[in-house]
Amino acid sequence: MAEPRTPRLDTPRSTRRRLVRRPSYNSDTFGVFAEQFARFMGTATFLIYMTGFVLLWVGWNALAPEDSQWDAYPFIFLTLMLSLQASYAAPLILLAQNRQETRDKVIAEQDRQANARAHADMEFLAREVASLRMAVGEVTTRDFLRSELRALLADLDERGQDAPPEASREGKQSHPTAASGPDTPAT
């Protein structure tokens, strides 16, 4: 609530004085009430209660003795009450719809911001995956290494089969480590 202003000497007084203070209310509390009221009016319970009320009203005023009827056949008082209820319900429903629209706008803006962050994250991850693919393209893979080793092994097998058996024995004996076997101590 705003504090009352202190009168200043350099400003003229207001020519209009209020005899009755304006009522103050919390708009949020009133809005919550409007939402609850609108939510209740949209339920089957309200429709059943309202139908029961109208049927009871019409039934009593149509079937009761004339001295105990309070609203005769055209049911003018019932029409007045229903119009009054509708005249209060319509602005409350509109207020509830406005509050819901404001909430929807806030949620839509939050969703838009979350989508923008997710899009930026996806772009970053796509760039990272692309750079990793480029880096992995330059790295030797296990399958490539196996195929190269198999090719080298096949080449060695071919050379071993093409060489004469004596030359391969001489090559083993002329090699210094080939002379040292399990019986010979290592130096």
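Quick notes on this structure:
- Members of the range 17-51 that are of a type in the set (Ser, Thr, Tyr) and assigned to a loop (DSSP other than H, G, I, E, B): 24, 25, 43
- Here residue 96 qualifies as touching a Lys or Arg at 6+ places or on another chain (Cβ under 8 Å) and surrounded by 12 or more Cβ atoms within 10 Å (Cβ to Cβ).
- Residue match in the range 79-92 (condition: of a type in the set (Phe, Trp, Tyr) and under 22 Å from residue 28 (Cα atoms)): yes
- Condition broken by residue 170, with the remaining ones in (1) at pLDDT 85 or above; (2) surrounded by 10 or more Cβ atoms within 10 Å (Cβ to Cβ) satisfied: (1)
- If the condition is being charged (D, E, K, R) and closer than 30 Å to residue 102 by Cα, then the range 22-73 contributes 22, 28, 35, 39.
- When each of 104, 71, 111, 67 is tested for being over 27 Å from residue 28 (Cα atoms) and surrounded by 10 or more Cβ atoms within 10 Å (Cβ to Cβ), the lone residue that passes is 71.
- Take the conditions (1) modelled with pLDDT under 90; (2) closer than 24 Å to residue 103 by Cβ; residue 16 misses just one of them, which is (2).
The values are calculated or read from the model by the stated rules, or taken from the named source; none is laboratory data. All of these numbers come straight from a predicted model, not from anything done at the bench. FYI the Cβ positions are ideal-geometry reconstructions off the backbone, even for glycines, and counts take in every protein chain you see.
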